[in-house]
Amino acid sequence: MELKRKKFVFPHSYTLIFLLIIIAALLTWFIPSGQFKTAVETINGMEKTTVVPGTYHQIDKAGYGQGISAVLEAPAAGVINAVEVVAFVLIVGGAFGIILKTGAVDRGLFTLAQSLGDKGILVIPLSMILFSLGGSTFGMSEEVIPLFAVFVSLMFSLGFDSMTAILILFLGTQAGYIGSTINPFNVLIAQGVADVHGNPLLVYRVVCWAVITFISILFTMHYAKKVKANPESSIVYKNDQKVKHKFQNFEVDKPFSTSDKWIIGGFIIGLMIMIWGIIAQGWYMVEISALFVGMGLYAGLVARFNQKEIAEAFVEGCADFAYAAVIIGLARGVLVILENGMIIDTILNCLANLLGGLPKFMFSAILLIAQVIVTFFVPSSSGAAALTMPVMAPLADLVHINRDVVVLSNQFGNGLMNLISPTGGVLLAGLAIAEINFSKWLKVGSKIFVILLIVSAVLLYIATLL
C-alpha cells in the first residue's frame, strides 16, 4: 500500500513571525554584539538618532544573547513597541465597521460596478497612480489600511478577486515608495543624514517613479484580466468563495438611497480632509484616527442608528481588524530581539566593509542588495536611513559617485523588501483583512519583486553615471 505524502502547509502568519523571533534570538548567540557611537540630530524639523561613521566596536557578548524568556516576552514587547500603530488599526477598524454596517458603501460599489460595465478595469490604473503619488510624495502607507475592505468589496463587484485589491493598494503605494520623489520619511530624512542638499536627483527620481509605477500597473492589469477571463484561475479563488459574504452583504434589490449618497459623500470628503491633513498639517495616526471616528459617527447618525447600534458596529469593526492589529505588533517583536541582542550594528558594519572600494556597477548592485537586507531587519525607511546613511554615504565618496545615489538605494531597497517581507505591517494587515495566506501573496508578490529588483538595479546603475 502506497503511503500518501503529506502536502506541505505554509505556516500561519502568527506561526511564521514566532519562528522569525526564534531565529533572531538564535542569531544573537552567534553574531558578535557591537555598536556604533550615536548622535542626536535635528533633520527637517525631526529629531533622529544617527550613527557616527568609523566608531563601530564589538562589546562583550555576556548578557546580550536572547534566551527563552526573551523569545516569550518578544510578542508582548513588540505589541507595546508598536502600540501607536496597533491602536490606530483598531480605532480605524471600529469606525470603518460603523460605515460598513450602514450598507451605503456596498450599495455604492454595486452601483458603480454596474455603471462601469466593461470599463471597470480602468479603476486599476487610476487608483494605482493616485496611491503611488501618495507613496512618492508623503509616504502613504498605513493610511491605506482602512481602504483594503473597500477595495476587496469593489473588486468582487467588478468581477476580479481579493488579490487584485491587495495589488492596487499595497503594490500601488509601494511602487510610489520605491520611486519616492519628495517623501519626507525615506528621501528627505535620508538626504539630511547623508548630508545631501537640494535633492539633486529629483528629476531622475520622477523618471524612476514613472517607470516603476507603469510596470506595477501593467503587472496588476495583466493579473486582473487573467482572473476576469477565468475566475477559477485566481490563486485565491477557493478562499474568495468563503469570504465573499463578508464583503458582499448588501441586498442588490435595495436602491442606492439619498442617505447612502450623504454617507458616501461624507466618506469621500473625509478622505480628502485626510490627504490635506497629512500633506499640509503633518497629521499622523492620532489625527487620522480622530477623523475616522468622526466619519463613523456621522455615517451612523445619517443611517439613523441608535447609540447601541453604533457601539455594536464599532466593536464588530474592531474585531474584524484585530487580527491585523496584533500581527503588526508581533512583527515588531523580531526587531525587539535584534535590538536587545545588539547585533544590528554588527550586520550593518559587515555590509559597509563589503561595499568599500568596489567599482561602480558592482557597488550599485551590492548596495541595493545590502539595503534590501537591512530593511528585513529594520522595516522603517527612516529608521534604516538613520542607521545606514552615516556609514554608507562616505562609501559613495570612495567610488566617486553622488551621495544621493546611496539615498536612492535606501528607498529602492526599503520599498522592494517590504513587498515580500513577512514582518511588513501594512502588507500583513491587508492580507489579514482579505483573509489571504501569506504564502498565496508570496507566489504573486515574488514575481513583481524580481521584476522591480532588476529594474531598480538598472536605474541605480544609471544614477551612478549621472
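The values are calculated or read from the model by the stated rules, or taken from the named source; none is laboratory data. Note that the coordinates shown come from a computational prediction; the quantities given were computed from them, not determined experimentally. Quick reminder, even Gly has a Cβ in these numbers, built from the backbone with ideal geometry, and neighbours come from all protein chains shown.
Data overview
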quantity	calculated
Pair list, Cβ under 9 Å, 6 or more apart: segment 274-285 residue loosely packed, with under 11 Cβ neighbours inside 10 Å and in a helix (DSSP H, G or I), other residue of a type outside the set (Phe, Trp, Tyr) and modelled with pLDDT of 75 or more	none
Matching option when the condition is within 30 Å of residue 36 (Cα to Cα) and either out of contact with any His (no Cβ under 6 Å at 6 or more places or on another chain) or not aliphatic (A, V, I, L, M) (or both), among 446, 439, 409	409
Test: residue 157 is of a type in the set (Gly, Ala, Ser) and over 20 Å from residue 274 (Cβ atoms)	yes
Qualifying positions in segment 157-190 - touching an Asp or Glu at 6+ places or on another chain (Cβ under 9 Å) and at pLDDT 90 or above	161, 162, 163, 173
Counted residues, segment 27-60 - those being part of a strand (DSSP E or B) and either among the β-branched types (Val, Ile, Thr) or modelled with pLDDT of 80 or more (or both)	11
Criterion violated by residue 439 - all others in (1) surrounded by 18 or more Cβ atoms within 10 Å (Cβ to Cβ); (2) assigned to a helix (DSSP H, G or I); (3) under 21 Å from the mean Cα position of the chain (by Cα) satisfied	(1)
Residue ID - modelled with the lowest pLDDT, chosen from residues in segment 253-263 that are in contact with a helix residue (DSSP H, G or I) (Cβ under 6 Å, 6 or more places away or on another chain) and within 10 Å of residue 107 (Cα to Cα)	256
Subset tally (residues that are in contact (Cβ under 8 Å) with a residue 12 or more places away in the chain and not hydrophobic (A, V, I, L, M, F, W, C)) for segment 305-327	5
All positions within segment 422-431 that are part of a helix (DSSP H, G or I) and at pLDDT below 90	425, 426, 428, 429
Residue in segment 104-116 that is at pLDDT 85 or above and buried (at least 18 other Cβ atoms within 10 Å of the Cβ) present	no
